[in-house]
Amino acid sequence: MEADGQVWIGTTKGALVFPVKPVQESDIKPFIYISSVIVPSANARVKDTNKELILPYNKNSITISYSGIYLSNPAAVLYKYRLIGMNSAYSAPSSNSSMTFSAIPAGKYTFEVEAVTKRGLISESTASFSFEILPPYYQTTLFQLSVVFLIILAIMLAVYIILTLNERKRK
């Protein structure tokens, strides 16, 4: 090999000169998508990851699987994720292609994941999945207002009974 990047190869019919150019890595960014969403406590798989999922409070764990496509070097794909509503900062890049969240409190959440290459190229789009965990009935506003109303009603009834008994004693 010469300094200018040419390789000379000797054959029975003469010499061949072959120019060697270093292989340049592509600047094409990886692609990311959510491949499946599973609710383990309900033994259910979500079919449409584009719709928001609503779960009851006692089914508050979820497993999200995702895949990154990077044809230049598939082994170089790493993932950064975050669960908006619980933590808005992205995680450190890792090679895990699924994430399980357990004991999620009631609220609205959006899971977002990005594919990152070892060279630092980040996917152009972010794959996301939204879901909501409903609160138990005793944490709903309607239930709490009903309890307050019943307490006020009980206090008013107790005052009425005490006043009526006092009036009967006076007579």
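Restricting to region 133-146, name every residue that is more than 17 Å from residue 55 (Cβ to Cβ) and exposed (fewer than 11 other Cβ atoms within 10 Å of the Cβ). Once the filter is applied, which keeps residues that are more than 17 Å from residue 55 (Cβ to Cβ) and exposed (fewer than 11 other Cβ atoms within 10 Å of the Cβ), region 133-146 yields 138, 141, 142, 145.
Please determine, by comparing only the residues of region 101-122 that are modelled with pLDDT under 95 and hydroxyl-bearing (Ser, Thr, Tyr), which one is farthest from residue 62 (Cα to Cα). By that ranking, first place goes to 117.
Among the strands (runs of 3 or more DSSP E) lying completely within region 74-125, list those that include at least 3 residues that are crowded, with 19+ Cβ neighbours inside 10 Å and within 13 Å of the chain's Cα centre (by Cα). Write out each step before concluding.
Numbers: elements: 77-84, 98-101, 107-117.
Of the strands (runs of 3 or more DSSP E) lying wholly inside region 74-125, those with at least 3 residues that are crowded, with 19+ Cβ neighbours inside 10 Å and within 13 Å of the chain's Cα centre (by Cα) span 77-84, 107-117.
In the list 59, 29, which residue meets the criterion of being part of a loop (DSSP other than H, G, I, E, B), farther than 28 Å from residue 139 by Cα, over 14 Å from the mean Cα position of the chain (by Cα) and not small (Gly, Ala, Ser)?
Residue meeting the stated conditions: 29.
Within region 140-165, being among the hydroxyl-bearing types (Ser, Thr, Tyr), in a helix (DSSP H, G or I) and under 23 Å from residue 105 (Cβ atoms) holds for 141, 146. In region 119-144, the residues that are more than 30 Å from residue 69 (Cβ to Cβ) form Cβ pairs under 7 Å with partners that are open to solvent by 90 Å² or more (accessible area, probe 1.4 Å), at six or more places apart or across chains, as follows: 133/57; 134/54; 134/57; 135/57; 136/57; 143/137. Condition test on residue 18, is it surrounded by 16 or more Cβ atoms within 10 Å (Cβ to Cβ), aromatic (Phe, Trp, Tyr) and part of a strand (DSSP E or B)? It is false that residue 18 is surrounded by 16 or more Cβ atoms within 10 Å (Cβ to Cβ), aromatic (Phe, Trp, Tyr) and part of a strand (DSSP E or B). Any residue that is of a type outside the set (A, V, I, L, M) and either at pLDDT 95 or above or under 17 Å from the mean Cα position of the chain (by Cα) (or both) - is there at least one of those in region 5-20? No - not one qualifying residue is present in region 5-20.
Among residues of region 21-43 being over 30 Å from residue 119 (Cβ atoms) and at pLDDT below 85, the one that is most open to solvent (accessible area, probe 1.4 Å) is 43. In region 32-58, the residues that are at positive phi never reach a residue that is β-branched (Val, Ile, Thr) and part of a loop (DSSP other than H, G, I, E, B) with C-beta atoms less than 6 angstrom apart, at least six apart or across chains.
The values are calculated or read from the model by the stated rules, or taken from the named source; none is laboratory data. Worth saying up front: this structure is predicted, and the values here are computed from it rather than measured. Here Cβ is always computed from backbone atoms with ideal geometry, including for glycine, and neighbour counts include all displayed protein chains. Accessible surface areas use protein heavy atoms only, side chains included; no ligands, DNA or RNA. Shrake-Rupley method; radii C 1.70, N 1.55, O 1.52, S 1.80 Å.
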